[in-house]
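Please read the structure below before turning to the comments.
The values are calculated or read from the model by the stated rules, or taken from the named source; none is laboratory data. These numbers come from a predicted model, not from an experiment. Virtual Cβ from ideal backbone geometry, glycine too; neighbours counted across all protein chains shown.
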Amino acid sequence: MTTTIITLTSLSLLLLFHPLLTQSQPGRTNPPSPATQGQWRLLQSNLGISPMHMQLLHNNKVVMFDRTDSGRSNLTFSDGRCRFDPDDTQLQIDCTAHSVLYDVTTNKIRPLTIQTDTWCSSGAVLPNGTLLQTGGFHDGDHVVRMFTPRSSLLSYVDGDDNNNNDWVEYPDYLNRRRWYATNQILPDGRVIIVGGRRQYNYEFYPSDSKLYWLDFLRETRDGRNENNLYPFVHLLPDGNLFIFSNTRSILFDYDGNRVLTEFPEIPGGDPRNYPSSGSSVLLPLVENATAPSSIEVVEVMVCGGAPQGAVRSARAGEFARAISSCGRLRVSDRNPNWEMETMPLERVMGDMLLLPTGDVIVINGAGRGTAGWENGREPVTTPVIYRPSAPQIWRFSVMAASPTARMYHSSAILLGDGRILVGGSNPHVFYNFTGVLYPTELKLDAFSPPYLSPAYDPVRPRIVGVRAAAAVRGYGEEIRVSFCVTRYLTRSAVSVRIVAPSFTTHSFAMNQRMVVLRIVDVKQKASDMYTVTVVGPSTAEIAPPGYYMMFVVHAGIPSSCIWIKLQPR
């Protein structure tokens, strides 16, 4: 009888607290609340810059930057620093910042110095935690830039960056101009840099001084608009790349420079890459519990965008309705085919991010038009959350609306506490704060998904027991994580996930990935204290070396993260 009561109590708690069952659902009206539709919070009313690029670092600071040729920003260097660029047609001497370091813990910023133009560039975090940033426009298109966080490398508590680290730039490092290119970290720690405007090729960092041609990028260009910019690139667990460009996608062996497979074209015939600007994620990877180092299901998702001809129409003053369809392609199948779904809202220039729960949030963007100067209309201020494993009719939920329009040149990233950091929006050639339909946006916002509501505190886990010395892990090693929770349900309600933080720009979060780790056991240590033992990723193909956010998820509610570093022993 006692066992029955405990089982029913656990089931009742799971029903009460599981977000899937408390979100907005078809045919059901829920009053707006943080527990059902999330919550927005203004963090900075004047960030000083309008970040079109964002990257979270392992010391819980975020590097943000826009471009250097927009004129003066709203953040002047207090120490007299200036950028001198005689070739800048807008401003040859600029004593304002175009990059900042944002401290998530203190909500403070520090201006950083960029000397060359980063407009529409790309990035990735190296295994040692340094942000590698590549390309841009004009004097920045061949440049490699580095930003190295100064902190206790193994600490998951906010570290001291000594208040003096800044960008280091290496001119003429790249073999070709990289403007609208995509970066992807590789299993051996190299970074591949793919494409760019009129660049049908790729190269590596560190450079081997070679250039590798990729005709697939030439084949998928779309006239002068080239809907093959910022191609969607995902590293697959077999070590090959999934590359999506315009409407087509391939499985690509980058070392052998050969296309292994061309997948079916996404239905509908509408382009998804810049300037049509849909978005894409690699859905969470779950290691096979009975066959380590294998991932049974590998699936890519592509959502939104603008229809064929949308750029030409926008330039003529007609703004086409954005695309509402999403496609899921199970690339691990013997004969993969796209499974199509419809979002509740049409969206172009939206950002897709993996949440700690394994769900996907789609945020920012417009309902009409396309990417480009003045080419978007009807801001879509309501995010949607998509649950990949739910029945199809329950997958999408509409969240609370933001008070801020986030149009062209906006960005978003996942933070270690589970919030989504949102900034940017500058759909103009220069900063323009008045007299326009969508002014340049300097506010910085955070969106808290429903799982952060206090209503779920009883089942929210809190990580308390990973020592700094245990934060560096080799592949396939056991990791023990202690956590406390007020209302523990069952072992099956616990999971542990690692998430690679993304470099987000132009509607694509480069390098983001989630691996759901294999659980060995869960043990109770005290009345509200538990230890979960998991096995780290089996291979660097599943999770490339570097820093990851580790979350414990209990009954669909995530903890805040701790940082771990994966590296070969």
Can you find, within region 152-170, the residue that is modelled with the lowest pLDDT among those that are part of a loop (DSSP other than H, G, I, E, B) and touching a Gly at 6+ places or on another chain (Cβ under 9 Å)?
Tyr156
Hey, any hits in region 447-461 for a residue that's out of contact with any Gly (no Cβ under 9 Å at 6 or more places or on another chain), surrounded by fewer than 20 Cβ atoms within 10 Å (Cβ to Cβ), closer than 24 Å to Lys61 by Cβ and outside the structural domain of Pro558 (by TED's automatic domain parsing)?
no
Determine whether Arg368 is basic (Lys, Arg), assigned by TED's automatic domain parsing to the domain that holds Gly424 and over 19 Å from the mean Cα position of the chain (by Cα).
yes
Which of the following residues is in contact with a Leu (Cβ under 6 Å, 6 or more places away or on another chain) and touching a residue at least 12 places away in the same chain (Cβ under 8 Å): Leu444, Leu452?
Leu444
Over region 481-510, the set of residues outside any strand (DSSP E or B) and crowded, with 24+ Cβ neighbours inside 10 Å is Pro501, Ser502, His506, Ser507
Unique match (being in the same structural domain as Glu219 (by TED's automatic domain parsing), surrounded by fewer than 23 Cβ atoms within 10 Å (Cβ to Cβ), of a type in the set (Val, Ile, Thr) and out of contact with any helix residue (DSSP H, G or I) (no Cβ under 6 Å at 6 or more places or on another chain)) among Val286, Val281:
Val286
Kindly evaluate Gly423 against the criterion of being touching a Cys at 6+ places or on another chain (Cβ under 7 Å), buried (at least 20 other Cβ atoms within 10 Å of the Cβ), not assigned by TED's automatic domain parsing to the domain that holds Met549 and not hydrophobic (A, V, I, L, M, F, W, C).
no
Condition first: of a type in the set (Ser, Thr, Tyr) and not in a strand (DSSP E or B). Now tell me which residues in region 280-309 satisfy that.
Thr290, Ser293, Ser294
May I ask you to say which residue of Leu235, Leu241, Leu260 is aliphatic (A, V, I, L, M), assigned by TED's automatic domain parsing to the domain that holds Ile192, more than 23 Å from the chain's Cα centre (by Cα) and closer than 22 Å to Glu203 by Cα?
Leu260
Only one of Arg224, Arg248 is at pLDDT below 95 and within 21 Å of Thr370 (Cα to Cα), namely Arg224
Candidate set: region 384-393, residues that are of a type outside the set (Lys, Arg) and surrounded by 14 or more Cβ atoms within 10 Å (Cβ to Cβ); chosen: the one farthest from the chain's Cα centre (by Cα)
Ala390
Region 258-309, subset charged (D, E, K, R) and closer than 26 Å to Pro379 by Cα, residue modelled with the highest pLDDT:
Arg272
Residues to consider are Tyr475, Tyr438, Tyr431; find the one that is touching a residue at least 60 places away in the same chain (Cβ under 8 Å), outside the structural domain of Val348 (by TED's automatic domain parsing) and of a type in the set (Phe, Trp, Tyr).
Tyr475
Selection from region 179-234 of residues assigned to a loop (DSSP other than H, G, I, E, B) and of a type in the set (A, V, I, L, M, F, W, C) yields Trp179, Ala181, Leu186, Leu211, Leu214
State whether one or more residues within region 36-49 are aliphatic (A, V, I, L, M), over 30 Å from Val143 (Cβ atoms) and at pLDDT below 95.
no
